[in-house]
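Remarks on the structure that follows.
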There are 2 protein chains.
Amino acid sequence: MKKPPPISEATKAAILDAAWRLIAQDGLDNASQARIAEAAGVSRQTIFYAFGSRAGLLTAMLQHMDAQSPEVGRLQALAVSPRTDAALAAEYLDAWLDYLPRIYPVAILLNAAALTDGDARAAIDDRLVGALLSGFTRFFTRLADTGRLRAGVDPAQAALEIWAAVHPSAWRLLVVERGWTAEQFRQSRQTAMQAMLA
Amino acid sequence: MKKPPPISEATKAAILDAAWRLIAQDGLDNASQARIAEAAGVSRQTIFYAFGSRAGLLTAMLQHMDAQSPEVGRLQALAVSPRTDAALAAEYLDAWLDYLPRIYPVAILLNAAALTDGDARAAIDDRLVGALLSGFTRFFTRLADTGRLRAGVDPAQAALEIWAAVHPSAWRLLVVERGWTAEQFRQSRQTAMQAMLA
DNA sequence: CCTCATCATTTAACGGGTGTAAAGTGAAGA
DNA sequence: TCTTCACTTTACACCCGTTAAATGATGAGG
């Protein structure tokens with residue numbers, strides 16, 4: 001196979017912007033590669049050269065959004081904070097929930113694609129979603145080490161429980177499909193997390 | 001459009017059995033309509049005539065599994081039981097968790113398809129998954145009426161929380177992808193539900 | 001100025017998947 | 001023989017993905 005042609009950073013950015021615009025305007029149903037290509041003023045093949053696959057495009061869209069979102073900086077600052085108080089985990093959860101609505105459309109598409117597409121499966125362990133679980137694991141381990149976790153609560157299990165509870169899938173079920181407000185979701189998840197603390 | 005040709009119940013059953021076999025043998029990645037048709041010994045178009053769409057096929061697969069599973073009878077018996085004790089909800093949850101691994105492959109495909117496919121979206125409110133939420137709602141309402149719900153816990157909200165926590169999406173995150181055992185999942189969800197009781 | 005090389009695409013072709021539509025087919029029964 | 005029934009075959013469209021040839025613009029060198 002010949003080496004794929006190079007695609008300029010400007011063209012990549014134009015594609016990513018167009019993709020986000022299209023999803024924002026038209027929703028998830030109509031964001032085909034061809035439509036994204038048209039909106040970006042490039043050929044369909046250019047998208048494949050730029051991002052390798054649809055999963056690659058969706059992943060790059062998440063990263064593109066990362067680069068433009070102050071929430072990500074906040075998440076990262078909290079993740080490396082040396083604090084050990086319980087409020088830290090609550091702040092981390094809040095920061096995530098501020099960001100989630102923004103990336104939700106693309107994150108949930110990628111999550112769905114991961115069921116049958118190995119590339120998407122790999123991308124789903126992308127540093128953002130994977131980083132989220134690590135963040136919670138770190139907090140819960142630290143809370144356990146400082147005696148702030150409820151007796152009988154395993155920190156690794158607790159981290160997984162909260163992670164699953166704030167995953168885009170859960171947001172989809174309760175907010176997108178059942179009509180909860182973001183605030184309801186936040187309170188419900190914060191309450192669940194509080195119940196794990198001593 | 002001409003009226004679609006009739007497809008016999010025997011052919012429909014053969015398709016459904018073949019589809020389940022194929023998914024059991026080969027997993028989610030290789031259950032294309034063409035492969036299912038081949039395995040059932042029918043043409044690809046016959047599947048469309050029988051079930052309308054892929055979402056229709058997936059939905060019919062769930063219903064087909066319903067008809068063959070003792071767990072469904074158990075769920076239905078519990079759903080109409082006049083008991084008001086807390087153990088009833090726990091039994092209902094257990095019955096669901098006994099059934100979930102069996103339908104998981106198809107339920108999760110249908111759930112993913114629902115993101116972008118209106119037919120799948122409609123089918124997702126299929127009586128089995130929709131019935132699950134109604135079941136929990138009923139139990140929690142009854143528990144509240146008899147003073148068995150923890151103070152400050154809204155029965156409708158609690159039902160949604162548990163429903164989301166036992167949805168195939170959650171099973172996917174924790175059991176399929178993170179390697180929890182079914183027992184771990186069960187205990188985690190039962191503990192969460194217990195925490196809502198007085 | 002002309003030619004050539006490089007760069008960043010586009011165009012074209014094809015394949016596998018889902019879906020729509022209509023004509024075709026063979027078996028069975030009246 | 002004709003009709004009905006339960007499919008199959010054929011053709012096409014749109015989607016994502018792979019592959020390779022073609023294209024136009026630009027810059028460097030003679």
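Scanning the stretch A:128-165 for residues that are closer than 23 Å to A:ARG74 by Cα, surrounded by fewer than 22 Cβ atoms within 10 Å (Cβ to Cβ) and among the β-branched types (Val, Ile, Thr) returns A:VAL129, A:THR137, A:THR141. Candidates B:ALA107, B:ALA122, B:ALA89: the one that is assigned to a helix (DSSP H, G or I), small (Gly, Ala, Ser), buried (at least 20 other Cβ atoms within 10 Å of the Cβ) and within 14 Å of chain A (Cβ to nearest Cβ) is B:ALA107.
Yes/no matrix, rows are residues, columns are (1) within 16 Å of DNA strand C (Cβ to nearest atom); (2) in a helix (DSSP H, G or I); (3) open to solvent by less than 50 Å² (accessible area, probe 1.4 Å); (4) among the β-branched types (Val, Ile, Thr):
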| residue | (1), (2), (3), (4) |
| --- | --- |
| A:PHE48 | yes, yes, no, no |
| A:ALA55 | yes, yes, yes, no |
| A:GLN63 | no, yes, no, no |
| A:GLU71 | no, yes, yes, no |
| A:LEU75 | no, yes, yes, no |
| A:ARG83 | no, no, no, no |
| A:ASP94 | no, yes, yes, no |
| A:ILE103 | no, yes, yes, yes |
| A:ALA112 | yes, yes, yes, no |
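Scoring A:ALA31 on the criteria (1) away from DNA strand C (no atom under 16 Å from the Cβ); (2) surrounded by 14 or more Cβ atoms within 10 Å (Cβ to Cβ) leaves a single failure, condition (1). Which residues, taken from the stretch A:128-174, are charged (D, E, K, R) and over 25 Å from B:ARG186 (Cβ atoms)? Once the filter is applied, which keeps residues that are charged (D, E, K, R) and over 25 Å from B:ARG186 (Cβ atoms), the stretch A:128-174 yields A:ARG138, A:ARG142, A:ASP145, A:ARG148. Taking the listed residues A:ASP117, A:ASP154, the one that is within 11 Å of another protein chain (Cβ to nearest Cβ) and within 21 Å of B:LEU115 (Cβ to Cβ) is A:ASP117, with no other qualifying.
Scan the stretch A:182-191 and tell me whether some residue there is farther than 21 Å from B:TRP163 by Cβ and more than 10 Å from chain B (Cβ to nearest Cβ). Checking the stretch A:182-191: not a single residue is farther than 21 Å from B:TRP163 by Cβ and more than 10 Å from chain B (Cβ to nearest Cβ). Residue count for the stretch A:1-28 under the criterion of being within 14 Å of chain B (Cβ to nearest Cβ) and either aliphatic (A, V, I, L, M) or within 14 Å of DNA strand C (Cβ to nearest atom) (or both): the result is 3. Report yes if A:ALA40 is touching a strand residue (DSSP E or B) at 6+ places or on another chain (Cβ under 9 Å), on the phi < 0 side of the Ramachandran plot and of a type outside the set (Lys, Arg), otherwise no. No; evaluated as a whole, the condition is false for this residue.
The values are calculated or read from the model by the stated rules, or taken from the named source; none is laboratory data. Just so you know, these numbers come straight off a predicted model, no measurement behind them. Neighbour counts run over all protein chains shown; Cβ positions are idealised from the backbone, glycine included. Surface accessibility is based on the protein's heavy atoms, side chains included, excluding ligands, DNA and RNA. Shrake-Rupley method; radii C 1.70, N 1.55, O 1.52, S 1.80 Å.
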